[in-house]
Amino acid sequence: MVFEFFGAKKKVVIAMAHIGALPGTPLFNADGGMDKLIEDVARDIEQLQAGGVDSIMFGNENDRPYAFKATAEAVAAMTAVVQAVKPMLKVPFGINYLWDPSASVAIGAATGASFVREIFTGVFASDMGIWAPDAGAAARLRRNLGRSDMKLLFNINAEFAHSLDQRPIELRARSAVFSSLADAILVSGPVTGEPADESQLQKVCSTVRDVPVFANTGVNMENVKSTLALASGVIIGTHFKVDGITWNAVDGARVKRFMERVETLR
């Protein structure tokens, strides 16, 4: 099962375009400023599209330490970066502002994104403290901004966190679709770049039938075959980077090799 904006394409690959640290965050490059943010992400987009990915998702992965509430300057900056590089995009794109669902929806609506990814449901003990996102507020904001067509991708087992909900992951996934109107379910590993537990992915894929299920982290050349045998698609950031390191630039050769492998599996 795939979203209509991917057309007839199956086993979709969504690639991450990690924007550099945004203004107001500890790692922001004040000397380079906005121009540097735009330059770097534009270079990554060129490599990702040349490699043949199906979609691109913009994320603020570099805004460590992460926070639950977006600042005005960060939202403005991320929106500006996406708008600046949007003319070069040849594939559908999405938005993920870590870790604020409403900010993600707002940026997505403003830039014309096809989808948004976030933690929308659940309660977690996390590196950032107790985490209780508000799916209702994000869904209402999407409606109020006139973007009911923009898909909401629900990451249901957050990185850097442990769910305090004792229900099995497959039940939490089914509940997110039923009660919170999830347009897709994402299954993650414990940390960025680490794969999801395949048994958990299997359970979710076997239980959730009405919407696509994606593997959200840690997919690589070694596990993509078994992952795509279960999931509708994958979201990849770390594996596409130079030396497979999250904070590096995109390596076009790695992207091309991976997408050639995916084509043999479709």
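The values are calculated or read from the model by the stated rules, or taken from the named source; none is laboratory data. No experiment lies behind these values; they were computed from the predicted model shown. Positions of Cβ are generated from backbone atoms using ideal geometry, with glycine treated the same way; all protein chains shown enter the neighbour counts.
The strands (runs of 3 or more DSSP E) falling completely within region 98-158 that include 2 or more residues that are of a type in the set (A, V, I, L, M) map to 151-155. Residues in region 99-149 that are within 22 Å of Asp54 (Cβ to Cβ), buried (at least 16 other Cβ atoms within 10 Å of the Cβ), out of contact with any Lys or Arg (no Cβ under 6 Å at 6 or more places or on another chain) and not hydroxyl-bearing (Ser, Thr, Tyr): Ile107, Gly108, Ala113, Val116, Arg117, Glu118, Arg147.
Yes or no, residue by residue, for (1) touching a strand residue (DSSP E or B) at 6+ places or on another chain (Cβ under 8 Å); (2) free of Cβ contacts under 8 Å to residues at least 24 places away in the same chain; (3) under 30 Å from Val208 (Cα atoms):
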| residue | (1), (2), (3) |
| --- | --- |
| Pro87 | no, yes, no |
| Lys90 | no, no, no |
| Ile95 | yes, no, yes |
| Leu98 | yes, no, yes |
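Within region 221-247, restricting attention to residues that are of a type in the set (A, V, I, L, M, F, W, C) and surrounded by 24 or more Cβ atoms within 10 Å (Cβ to Cβ), the residue that is nearest to the chain's Cα centre (by Cα) is Ile235. Determine whether Gly218 is surrounded by 15 or more Cβ atoms within 10 Å (Cβ to Cβ) and touching a Gly at 6+ places or on another chain (Cβ under 9 Å). So Gly218 fits the description; yes.
Restricting region 19-38 to residues that are assigned to a helix (DSSP H, G or I) and under 21 Å from the mean Cα position of the chain (by Cα), the residue that is nearest to Lys9 (Cα to Cα) is Ile38. Applying the set (1) closer than 26 Å to Gly7 by Cα; (2) over 18 Å from the mean Cα position of the chain (by Cα); (3) surrounded by 15 or more Cβ atoms within 10 Å (Cβ to Cβ) to Gln200 leaves exactly one unmet item: (1).
Just to be sure before I move on: is Arg117 over 16 Å from the mean Cα position of the chain (by Cα), among the basic types (Lys, Arg) and modelled with pLDDT of 95 or more in the structure I sent? For Arg117, the condition - over 16 Å from the mean Cα position of the chain (by Cα), among the basic types (Lys, Arg) and modelled with pLDDT of 95 or more - is not met. All conditions but one from (1) among the hydrophobic types (A, V, I, L, M, F, W, C); (2) within 30 Å of Arg140 (Cβ to Cβ); (3) surrounded by fewer than 16 Cβ atoms within 10 Å (Cβ to Cβ) apply to Val187; the one that does not is (3).
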